[in-house]
Amino acid sequence: MASKRGKLIVFEGLDRSGKSTQCERLVTHLRHQGQKVEHMRFPDRTTPIGKMISNYLSGQTQQEDHVIHLLFTANRWELAKAIESFVKEGTTVVVDRYYYSGCVYTAAKGVSGLGLDWCRQPEVGLPRPDVCIFLDIAAEEAAKRGGYGEERYERKEMQDRVRELFGELREHHDEREDIVVIDAGRGVEDVEEAIQKAAVKAWDVVEQSGLPLRKV
Ligand code: Z5A
Ligand code: MG
């Protein structure tokens with residue numbers, strides 16, 4: 001019998017919704033279960049492109065809006081083959097932010113011509129997640145977890161627009177079938193339990209259907 005493939009699971013959500021916290025926890029949980037797991041995050045600031053993105057986010061450099069969008073996308077394409085190989089060989093890949101953030105944050109700038117549809121085009125062909133866990137939190141709850149940081153997009157107007165656009169993506173675009181919304185305003189353990197249940201459900205669908213890893 002062919003060995004089981006790994007799964008591709010992505011975390012998305014607004015700032016301070018707990019993505020990094022919950023990614024770590026899921027990776028640890030799956031490893032304790034004996035699964036092979038790779039943990040990735042985007043932007044991956046360690047690559048040459050990632051360093052350009054990091055300098056842009058910290059305000060050290062400027063980039064034209066199309067250019068920075070394509071750099072974020074290129075940063076994912078740099079790792080696309082690696083993700084496919086891991087999944088194929090039976091390793092599950094857990095990713096902290098992915099192309100959904102890519103589309104929404106650029107579109108939230110409100111630049112003419114840079115809407116969700118345009119932003120999605122360069123992402124087409126990337127490995128498509130088996131499930132995208134969307135951590136949903138009210139703005140007031142997220143605010144209790146600390147103020148905005150120093151980076152470029154950490155402003156209230158931008159975050160409000162990001163929230164609206166994530167909603168649009170979840171309701172009207174092809175992505176909606178991949179997304180599972182989790183109430184992230186609860187305690188860390190409660191959120192973790194809900195994520196584990198959603199992950200198991202998604203695993204079962206993949207295994208019962210024998211579905212190969214798809215493409216965006
Ligand atoms: N961006 C883009 O424009 N295009 C792209 O393609 C991609 C990204 C991929 C940097 O991202 C920016 O890049 C981001 C989007 C843009 N811009 N903004 N704004 P990043 O991923 O590097 O951002 P980050 O620094 O990791 O922050 P974050 O993602 O917003 O935070 P988080 O990971 O969701 O939350 P956390 O670090 O796990 O938790 C935040 C705090 O809350 C922390 O003190 C925790 O201890 C606490 N916490 C966590 N969970 C809970 C619960 N349940 N209760 C109470 N407190 C909690
Ligand atoms: Mg984070």
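So the values come out like this:
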read-out	value
Cα centroid separation - region 16-40 against region 140-215, whole Å	15 Å
Mean ellipticity per residue at 222 nm, deg cm²/dmol - from DSSP H runs of n ≥ 4 across the chain, formula -39500 (n - 2.57)	-15500 deg cm²/dmol
S17, S58, S112 arranged by Cβ crowding within 10 Å, fewest neighbours leading	S112, S58, S17
Computed lengthening from V181 to E150, 0.36 nm per intervening residue step minus Cα-Cα distance	8.4 nm
Percent RCO, i.e. relative contact order, over the chain, from Cα pairs under 8 Å lying at least 6 residues apart	32 percent
Within the chain, longest stretch clear of exposed GluC sites (Glu not before Pro) (DSSP loop, no more than 11 other Cβ within 10 Å)	151-216
Length released on extending from L211 to H172, taking residue separation times 0.36 nm less the Cα-Cα span	11.7 nm
Beta bridge orientation in the chain: antiparallel %, DSSP, nearest 5	10 percent
Greater than 28 Å apart at Cα, pairs in K109/K144; K36/K201; K36/K109	K36/K109
Calculated FRET value between E140 and E164, using beta carbons and R₀ = 22 Å, to 0.05	0.85
Net lengthening on full extension, H66/S112 (0.36 nm per residue, minus Cα-Cα)	15.5 nm
Angstrom value of the Kirkwood radius, inverse mean 1/r, which spans all Cα pairs in the chain	17.8 Å
Set of aspartates and glutamates near K81 by C-alpha distance (under 16 Å), chain-local residues within fewer than 8 positions excluded	E38, D44, E89, E123
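Bear in mind that the values in this text are calculations on the coordinates, not laboratory data. Predicted model only: the values in this text are computed from it and were never measured. Cβ atoms come from the backbone with ideal geometry, glycine included; neighbour counts cover every protein chain shown.
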